[in-house]
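**Student:** What follows is a single structure, and I will ask about it in a moment.
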Amino acid sequence: MFNKETVLEINHPVIARDLTTLRDKNTNTATFRLALGRISTILAYNALMNISLRTKSVQTPIQETIGYEIEPEIVVVPILRAGLGLVDAITTFVPDARVGHLGMYRDEVTKKPVDYYVNIPNGIENALVLVVDPMLATGGSACDAIAFLKSKGAKEIRFICLISAPEGIQKVQNEHPDVSIITAAVDEKLNDDKYIVPGLGDAGDRIFGTSRNA
Ligand code: PRP
Ligand code: URA
């Protein structure tokens, strides 16, 4: 069993309803994207819950008062492809967030991540880095992405995903105990193909309307 202290599983009626839409194999691409957009916005809101603020003065039409601005620089790093589906949720709240990209796919035989693209902004040492990917299955992709970002100097990393498997959470906690996980659901397990059960299938295919078998 994983340690619940570093996992924030968001329970919300909108999430429960929209997860059902995402899980349903008959949901079409347009409806899938709308539900994904709503859930990822709730996740982003929660992932930003305890970030630090800087005070600044603001002049209202009546008088000067104390206001706030977000202190850390925010860098969002989607794990391609499917992670792209969560980027807009972060930039909704932090429009000036910089976006890095990590291209990785899971080899269909070994189930291990294979890197194919990297573009990470400079200066992530002092940023809050939000790694986003809808699925945390074996945890191989998440752990590789986090290790890479740490090797580039990232010190504060949070991982945001829609659906996680206990196996993947455990792996992230073993390898990166400092990284908190914000998720909409902790599912039951992985199947023999290392897909999340019950899950939603292949997230990238469902977001982008592709299918490896098509
Ligand atoms: C999916 C998903 C994660 C990874 C999770 O990507 O988006 O990146 O699998 O599996 P893991 O925890 O076992 O590593 P996929 O390989 O299907 O690539 P895609 O985003 O291009 O569809
Ligand atoms: N990748 C996905 O897209 N879905 C899973 O269930 C596991 C890995």
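**Student:** Take the residues of the stretch 26-50 that are open to solvent by less than 30 Å² (accessible area, probe 1.4 Å) and assigned to a loop (DSSP other than H, G, I, E, B): which is farthest from residue 210 (Cα to Cα)?
**Tutor:** Per the criteria, the residue is 48.
**Student:** Within the stretch 163-193, can you find the residues that are small (Gly, Ala, Ser) and within 12 Å of ligand 1 (Cβ to nearest atom)?
**Tutor:** Of everything in the stretch 163-193, those that are small (Gly, Ala, Ser) and within 12 Å of ligand 1 (Cβ to nearest atom) turn out to be 164, 165, 168.
**Student:** If a residue has to be more than 14 Å from ligand 2 (Cβ to nearest atom), open to solvent by 30 Å² or more (accessible area, probe 1.4 Å) and touching a residue at least 12 places away in the same chain (Cβ under 8 Å) to count, how many in the stretch 98-122 make the cut?
**Tutor:** 9
**Student:** Would you confirm whether or not the stretch 162-177 contains a residue that is of a type in the set (A, V, I, L, M, F, W, C), surrounded by 19 or more Cβ atoms within 10 Å (Cβ to Cβ) and within 22 Å of residue 121 (Cα to Cα)?
**Tutor:** Among the residues of the stretch 162-177, not one is of a type in the set (A, V, I, L, M, F, W, C), surrounded by 19 or more Cβ atoms within 10 Å (Cβ to Cβ) and within 22 Å of residue 121 (Cα to Cα), which makes the answer no.
**Student:** Considering only residues of the stretch 81-93 that are buried (at least 20 other Cβ atoms within 10 Å of the Cβ) and of a type in the set (A, V, I, L, M), which is farthest from ligand 2 (Cβ to nearest atom)?
**Tutor:** 90
**Student:** On the basis of being open to solvent by less than 10 Å² (accessible area, probe 1.4 Å) and either among the β-branched types (Val, Ile, Thr) or within 9 Å of ligand 1 (Cβ to nearest atom) (or both), does residue 196 make the cut?
**Tutor:** no
**Student:** Every residue in the stretch 149-161 that is in a helix (DSSP H, G or I) and surrounded by fewer than 20 Cβ atoms within 10 Å (Cβ to Cβ), please.
**Tutor:** 150, 151
**Student:** Going residue by residue through the stretch 52-71, is there one that turns out to be crowded, with 17+ Cβ neighbours inside 10 Å and over 14 Å from residue 207 (Cα atoms)?
**Tutor:** no
**Student:** Could you list, in sequence order, the residues of the stretch 123-138 that are more than 14 Å from ligand 1 (Cβ to nearest atom) and either open to solvent by less than 10 Å² (accessible area, probe 1.4 Å) or of a type outside the set (Gly, Ala, Ser) (or both)?
**Tutor:** Scanning the stretch 123-138 gives 124, 125, 126, 127, 128, 129, 130.
**Student:** Among the residues of the stretch 199-209, how many are assigned to a loop (DSSP other than H, G, I, E, B) and either within 8 Å of ligand 1 (Cβ to nearest atom) or in contact with a strand residue (DSSP E or B) (Cβ under 9 Å, 6 or more places away or on another chain) (or both)?
**Tutor:** Selection size over the stretch 199-209: 3.
**Student:** For the stretch 90-100, indicate whether the set of residues that are more than 16 Å from residue 76 (Cα to Cα) and among the basic types (Lys, Arg) is non-empty.
**Tutor:** Taking every residue of the stretch 90-100 in turn, none turns out to be more than 16 Å from residue 76 (Cα to Cα) and among the basic types (Lys, Arg).
**Student:** For residues that are among the charged types (D, E, K, R), away from ligand 2 (no atom under 16 Å from the Cβ) and farther than 17 Å from residue 174 by Cα, tally how many sit in the stretch 131-154.
**Tutor:** 1
**Student:** If residue 141 satisfies all but one of (1) near ligand 1 (Cβ under 8 Å from one of its atoms); (2) farther than 26 Å from residue 4 by Cα; (3) polar (S, T, N, Q), what's the number of the condition it fails?
**Tutor:** Against the list (1) near ligand 1 (Cβ under 8 Å from one of its atoms); (2) farther than 26 Å from residue 4 by Cα; (3) polar (S, T, N, Q), residue 141 comes up short only on (2).
The values are calculated or read from the model by the stated rules, or taken from the named source; none is laboratory data. All of these numbers come straight from a predicted model, not from anything done at the bench. Positions of Cβ are backbone-derived with ideal geometry, glycine not excepted, and every protein chain shown enters the neighbour counts. Side chains included, ligands, DNA and RNA excluded: accessible areas come from the protein's heavy atoms. Shrake-Rupley method; radii C 1.70, N 1.55, O 1.52, S 1.80 Å.
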